[in-house]
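As structure tokens, the structure follows; a few thoughts come after it.
Read-outs throughout are calculated quantities, based only on the coordinates presented, and are distinct from any laboratory measurement. Note that the coordinates shown come from a computational prediction; the quantities given were computed from them, not determined experimentally. Reconstructed Cβ throughout: ideal geometry from the backbone, glycine too, with neighbour counts over all protein chains shown.
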Amino acid sequence: MKASLIRKWHRVLSLILLAQLIIWMSTALGMTLVPRKWTTAYKVPTYPTSFKANNLFPNLNLLKNKLDDTATKVILKQEGLRSILRISSLSDEEKLLASDLNDLRPPGKQEIADWASQITSAKIQVSNISIQEKNSPEYQKLPLPVYRVEAPNAILFFDMQTGKYISQTTPAKKFENLMKTIHVMDYTGNAQFRANRFLTAAAILFLLTAFLGILSVQKLRLNLPSAKIRSKTRVYRWHKWLGIVLVIQVILWTSSGLSVVWLLEPARNLGNESLEVQQSSIDWSKVKVHPDSIVQNSNDSLLAPVEIELVMLLDKPVYRFNYPGRNSDRKLIDANTGNLIHLQESDRDAIAANYLKEETLSSVSHWEKTEKIDFHFYTGPFPVWKAYFSVPYKGVLSVDCVTGLVHQPVRTNRLIFLEKYYNVHVVNWSFGVIKYRLEPELLTVIGLLFILILSGIILQLKRRKKPN
């Protein structure tokens, strides 16, 4: 291909993508410049401080008569304004009941208004409450519909069934979501990192432009008079060397962005294909001890659990007692005898065998007991057993040493690579937790790109004044 034709197409594509490139850079700066503290207006406690689950756990005979033989898990917890029983079954259906075994009564708008004022740190004054049935730039989660509570400096969202606080949006958060929506070219307004034809087309054209720029630099070796003239100008030299310096980062940016929207979700689903959870219905004939008696007979009865889970584990019914706090104390109690259960390595292996397919289980190379946070695998609570798998699996299965709860699905090498590769997109060379904030490396690269764009515009203006 002729050098003049390569430069022409590089110039044309650059002009076409100029506006989108500036938008990408500006929105990236916009997202990272928003301080984290501005995205939250009110502090909301994670756990209710006055709730004691054992005081509300229903009578065991009444609970057994209320449920059918397919129930696999019963969780008693406080969600918002309601003390609920969350019941799972063999059919994977989930049912909600009030803690007194009656049908759950959803809270009304006035209850939500009073609740919002009660739980927020500033005791807000609610100006308006409405029901939101679809995702919006302010709310991009499940469940739906939700209560939308408008208050000074923020919009809060609450679950319609229980009144549980879900999230809040401030003007700074709305701005951040707007920047994200524009950045990923998701013009539906949901700001979801998913594949769409606009983003894909722009990314491919951007890669093509970078490739043509590399070819045009190589073609300068030809004895073309126009190339010699341009190579002697200061602006052209700046444009050329900035392009050479930034071309690798540009390719990494584009390819990592495409990998997130096209490959990340399929990679997550690939890990789930390794699972084969064998659920067992609760054997009510062995459930003989009520949680009340367990707490009363323990030495720490003053610290009551805020969540109690009844489930089958190792062919026997057990209670999992969860206390306030992320890494706080938790206990595993035999529901038949009321004794505390201390899990052993043999129990760990049996739990894993109940969770993984046979071919996946056979690929476990070794186990490790750890209390170290690994942001790509598991962040707590601890201690935990971690399974390391041979190819195509790797260190992804985490089993709680205290409760036997499996916290993570299988995470494949492909998923781990894509998650770490996305660090390249945000110029996070530490490859740790992705922190959406302005780092010096990101600011430097964006600044150099703006200079590259400016030099290209100047060259184009000079070309119009004095054609080749």
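How much length is gained if the chain between A19 and V44 is pulled fully straight, taking 0.36 nm per residue apart and subtracting their Cα-Cα distance, in nm to one decimal?
Gain on stretching A19 to V44: 4.9 nm.
Once you place label points 7 Å from the Cα toward the Cβ at S91 and S346, how far apart are they in nm?
Those two pseudo-labels are separated by 3.9 nm.
In this model, which of K77/K109; K174/K372; K66/K134; K95/K141; K174/K420; K134/K180 are farther than 24 Å apart at the alpha-carbon?
K174/K372; K66/K134; K174/K420
Are there trypsin sites (Lys or Arg not before Pro) in segment 11-56 that DSSP puts in a loop and that have at most 13 other Cβ atoms within 10 Å, and which ones?
K43
Which value in nm describes the separation of the simple spin-label points at I373 and S130, placed 7 Å from the Cα toward the beta carbon?
A separation of 3.9 nm, rounded to one decimal place.
Calculated FRET efficiency, L178 and K37, Cβ-Cβ r, R0 22 Å, to nearest 0.05?
Details: r = 19 Å, r/R0 = 0.86.
In this case the efficiency is close to 0.70.
Mind checking segment 47-120 for GluC sites (Glu not before Pro) that DSSP puts in a loop (not H, G, I, E or B) and that have at most 14 other Cβ atoms within 10 Å?
When the GluC sites (Glu not before Pro) of segment 47-120 are filtered for loop state and at most 14 Cβ neighbours within 10 Å, E93 remain.
Could you work out how far apart the two model spin labels at L29 and Y323 are, taking each label as a point 7 Å from the Cα in the direction of the beta carbon, and quote it in nm?
Here the modelled spin labels are 5.0 nm apart.
Between L454 and K8, what is the FRET efficiency for a Förster distance of 22 Å, r being their Cβ-Cβ separation, to the nearest 0.05?
Once rounded, the FRET efficiency stands at 0.60.
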